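As C-alpha cells, the structure follows; a few thoughts come after it.
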Amino acid sequence: MKTIVENNDNSNKNEGILYPAGGPGRHLKSGLANKTLMLGAMINEYARPSLAKIYKEAGYDFLFIDYEHLFFDFESLYDTVLAARAYGLPPIAKTPQLERAEVAKLLDSGVVGIQLPRTESKEQIQELISYMKFPPNGTRAAAGNLGNTDYKPVSDWRQWMVDQDEETTVVVHIETKLGYENAEEIISTPEVDMVYVGPGDFSIEMGQPFDWAHPDVTTPMKEILEICNKYDVAFGTTPANHTIAKELVNKGMRFVEDGGELGFITKGAQEKVKGYKDMLTE
C-alpha cells in the first residue's frame, strides 16, 4: 500500500501518490475548489481503522470524526486518523472545545480539518485559526514526526510549516440563531475553507426540532449557502433527503457530511429483521 501523503522534499514525484496535491488537506481543498460534491462519512461511536477502510471502499471522499459528543478514547481516534490518511481519506474532526491543547492534539495526530461547533462570531473563528497556523500566521507550536507527517522525518522545517499551513482546513459549524445572524462576518473571515450547517441543533434553534425539511430550517440554510457562494467558501450540511440535497447541490453545495456507523448499522439491522418478518407473513 502506498501511503505517501506529504512531499516534504518538494519533489514532483506524484506518480502513485494518494494525494497528488501534496497531502490529504490539500487534496480535500482541491476537490472542493473544483466544485465537485465531496461526500464525508461520520464516525459517531466506533473509532476503528477498519471503519475508515470500509468508508473508503464505499466511495466516500473524506472522514468526519465527531469528537464533541461521543466517548471513544484519543488512542482509538489516533489509530483511525492514521488509517484514514493511509487509505486516502482526509480526516476532519470536531473539536470538543475552542482550546489550544485540544486543537494541537488533533492536528498532531494527523487530522487536517478542525470543525468548530457552535461557531457564533468572527472572533471565535479567528481564535481557532490562530491555533491552527504557524507564526507569523498564527500561534501553533511545532510537533513533527507524528501522525501529521505519517512518521516521515522532517528534513526542512521551514517548508514543513508552510506545507502544514496549507494542509490545515478551517471548518465553521453553524448550528445556532446567533451563528446564522453573524454568518456573513464569520464566512468572510480569511482562511475559512468550509461551512457546515448542523441540521439537528439548527432545527431546534429555528423552532422545528429535528424537522430538517421544514422551511424554517431550509430557508436560512439556503441563505447561508448564498453567503458561502459570495465568498467562494465551500458549503455543506447533512440533507434531510435526496430531494433537498439535489436542490442544495444545484445552488452550489460542495460537500455532505453523511450519516455515521450507528445509523448505518441500525438501518441495516432493521431492514434485515423486517425482511424476515415480511417473509413469514407472505
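Could you tell me whether the range 85-99 includes any residue that is of a type outside the set (G, A, S), over 19 Å from G260 (Cα atoms), out of contact with any Lys or Arg (no Cβ under 6 Å at 6 or more places or on another chain) and at pLDDT 95 or above? First the steps, then the outcome.
Step one: list which residues in the range 85-99 are of a type outside the set (G, A, S), which gives 85, 87, 89-92, 94-99.
Now restrict to residues that are over 19 Å from G260 (Cα atoms): 97-99.
Filter once more, so that each one left must be out of contact with any Lys or Arg (no Cβ under 6 Å at 6 or more places or on another chain): 97-99.
Now narrow it down to the ones that are at pLDDT 95 or above: 98-99.
Scanning the range 85-99 turns up at least one residue that is of a type outside the set (G, A, S), over 19 Å from G260 (Cα atoms), out of contact with any Lys or Arg (no Cβ under 6 Å at 6 or more places or on another chain) and at pLDDT 95 or above.
Report every pair of residues separated by at least 6 positions or lying on different chains whose Cβ atoms are under 8 Å apart, first residue within the range 69-80 and farther than 21 Å from G198 by Cα, second of a type in the set (D, E).
Listed pairs, sorted by first residue: F72/E45.
If a residue must be among the charged types (D, E, K, R), in a loop (DSSP other than H, G, I, E, B) and under 21 Å from L82 (Cα atoms), how many such residues does the range 141-168 contain?
Narrowing the range 141-168 to residues among the charged types (D, E, K, R): 150, 152, 156, 158, 163, 165-167.
Keeping just the survivors that are in a loop (DSSP other than H, G, I, E, B) gives 150, 152, 156.
Adding the requirement that they be under 21 Å from L82 (Cα atoms) leaves 150, 152.
Total satisfying the criteria: 2.
Among S11, S50, which is among the polar types (S, T, N, Q), surrounded by fewer than 16 Cβ atoms within 10 Å (Cβ to Cβ), more than 21 Å from V170 (Cβ to Cβ) and modelled with pLDDT of 95 or more? Full working, then the answer.
Numbers: S11 fails: modelled with pLDDT of 95 or more.
Of S11, S50, the one residue that is among the polar types (S, T, N, Q), surrounded by fewer than 16 Cβ atoms within 10 Å (Cβ to Cβ), more than 21 Å from V170 (Cβ to Cβ) and modelled with pLDDT of 95 or more is S50.
Report yes if D108 is buried (at least 21 other Cβ atoms within 10 Å of the Cβ), touching a Leu at 6+ places or on another chain (Cβ under 6 Å), within 20 Å of E167 (Cα to Cα) and modelled with pLDDT of 95 or more, otherwise no. Break it down stepwise before answering.
Numbers: buried (at least 21 other Cβ atoms within 10 Å of the Cβ): no; touching a Leu at 6+ places or on another chain (Cβ under 6 Å): yes; within 20 Å of E167 (Cα to Cα): yes; modelled with pLDDT of 95 or more: yes.
It is false that D108 is buried (at least 21 other Cβ atoms within 10 Å of the Cβ), touching a Leu at 6+ places or on another chain (Cβ under 6 Å), within 20 Å of E167 (Cα to Cα) and modelled with pLDDT of 95 or more.
Taking the range 190-206 as the region of interest, how many residues are farther than 29 Å from N34 by Cα and either touching a helix residue (DSSP H, G or I) at 6+ places or on another chain (Cβ under 6 Å) or surrounded by 20 or more Cβ atoms within 10 Å (Cβ to Cβ) (or both)? Break it down into steps so the answer makes sense when it comes.
Going through the range 190-206, the residues farther than 29 Å from N34 by Cα turn out to be 201, 203-206.
Checking which are either touching a helix residue (DSSP H, G or I) at 6+ places or on another chain (Cβ under 6 Å) or surrounded by 20 or more Cβ atoms within 10 Å (Cβ to Cβ) (or both) leaves us with 203, 205-206.
Total satisfying the criteria: 3.
Among the candidates E226, E261, single out the residue that is among the acidic types (D, E) and over 19 Å from A41 (Cβ atoms). Let's see the steps before the verdict.
Working: E261 fails: over 19 Å from A41 (Cβ atoms).
From the options E226, E261, the qualifying one is E226.
Return yes when G88 is of a type outside the set (A, V, I, L, M, F, W, C) and under 17 Å from the mean Cα position of the chain (by Cα) and no when it is not. Break it down into steps so the answer makes sense when it comes.
On the way: of a type outside the set (A, V, I, L, M, F, W, C): yes; under 17 Å from the mean Cα position of the chain (by Cα): yes.
Here the answer is yes, as G88 does meet what is asked.
Out of the range 175-189, which residues are out of contact with any helix residue (DSSP H, G or I) (no Cβ under 6 Å at 6 or more places or on another chain) and in contact (Cβ under 8 Å) with a residue 12 or more places away in the chain? Give the steps one after another, and end with the answer.
First pass over the range 175-189, keeping only residues out of contact with any helix residue (DSSP H, G or I) (no Cβ under 6 Å at 6 or more places or on another chain): 178-179, 181-182, 188.
Passing the criteria: L178, G179, N182, S188.
Please state which one of G263, G268, G259, G200 is in contact (Cβ under 8 Å) with a residue 60 or more places away in the chain and in a helix (DSSP H, G or I). Before the answer, list the steps.
Values: G268 fails: in contact (Cβ under 8 Å) with a residue 60 or more places away in the chain; G259 fails: in a helix (DSSP H, G or I); G200 fails: in contact (Cβ under 8 Å) with a residue 60 or more places away in the chain.
Within the list G263, G268, G259, G200, the selection yields G263.
Name the one entry in D79, D73 that is farther than 24 Å from S30 by Cα, acidic (D, E) and out of contact with any Pro (no Cβ under 7 Å at 6 or more places or on another chain). Talk me through it step by step, then tell me what you get.
On the way: D79 fails: out of contact with any Pro (no Cβ under 7 Å at 6 or more places or on another chain).
Within the list D79, D73, the selection yields D73.
If T95 satisfies all but one of (1) under 30 Å from G207 (Cβ atoms); (2) surrounded by fewer than 16 Cβ atoms within 10 Å (Cβ to Cβ); (3) polar (S, T, N, Q), what's the number of the condition it fails?
Of everything listed in (1) under 30 Å from G207 (Cβ atoms); (2) surrounded by fewer than 16 Cβ atoms within 10 Å (Cβ to Cβ); (3) polar (S, T, N, Q), T95 misses just condition (2).
Would you say A240 is without any contact (Cβ under 8 Å) to a residue 24 or more places away in the chain, in contact with a Pro (Cβ under 8 Å, 6 or more places away or on another chain) and over 18 Å from R118 (Cα atoms)? Give the derivation first.
Working: without any contact (Cβ under 8 Å) to a residue 24 or more places away in the chain: no; in contact with a Pro (Cβ under 8 Å, 6 or more places away or on another chain): yes; over 18 Å from R118 (Cα atoms): yes.
Spelling it out, it is not the case that A240 is without any contact (Cβ under 8 Å) to a residue 24 or more places away in the chain, in contact with a Pro (Cβ under 8 Å, 6 or more places away or on another chain) and over 18 Å from R118 (Cα atoms).
Please go through the range 136-169 and give me each residue that is more than 21 Å from L89 (Cα to Cα), of a type in the set (G, A, S) and either free of Cβ contacts under 8 Å to residues at least 60 places away in the same chain or touching a Phe, Trp or Tyr at 6+ places or on another chain (Cβ under 6 Å) (or both), ordered by number.
G138, A141, A142, A143
Of all residues in the range 22-70, which are touching a Ser or Thr at 6+ places or on another chain (Cβ under 8 Å) and of a type in the set (G, A, S)?
G25, A47, A52
Keeping to the range 22-36, report how many residues are surrounded by fewer than 16 Cβ atoms within 10 Å (Cβ to Cβ), in contact with an Asp or Glu (Cβ under 9 Å, 6 or more places away or on another chain) and under 16 Å from E257 (Cα atoms). Step through it out loud before you land on a result.
Of the range 22-36, the ones surrounded by fewer than 16 Cβ atoms within 10 Å (Cβ to Cβ) are 30, 33-36.
Right, trim to in contact with an Asp or Glu (Cβ under 9 Å, 6 or more places away or on another chain) and you get 33, 36.
Still in the list and also under 16 Å from E257 (Cα atoms): 36.
Number satisfying all stated conditions: 1.
Could you please give the count of residues in the range 54-73 that are at pLDDT 95 or above and within 17 Å of the chain's Cα centre (by Cα)?
9
The values are calculated or read from the model by the stated rules, or taken from the named source; none is laboratory data. All figures in this text were calculated on a predicted structure; none of them were measured in a lab. All Cβ positions, glycine included, derive from the backbone under ideal geometry; neighbour counts span all protein chains shown.
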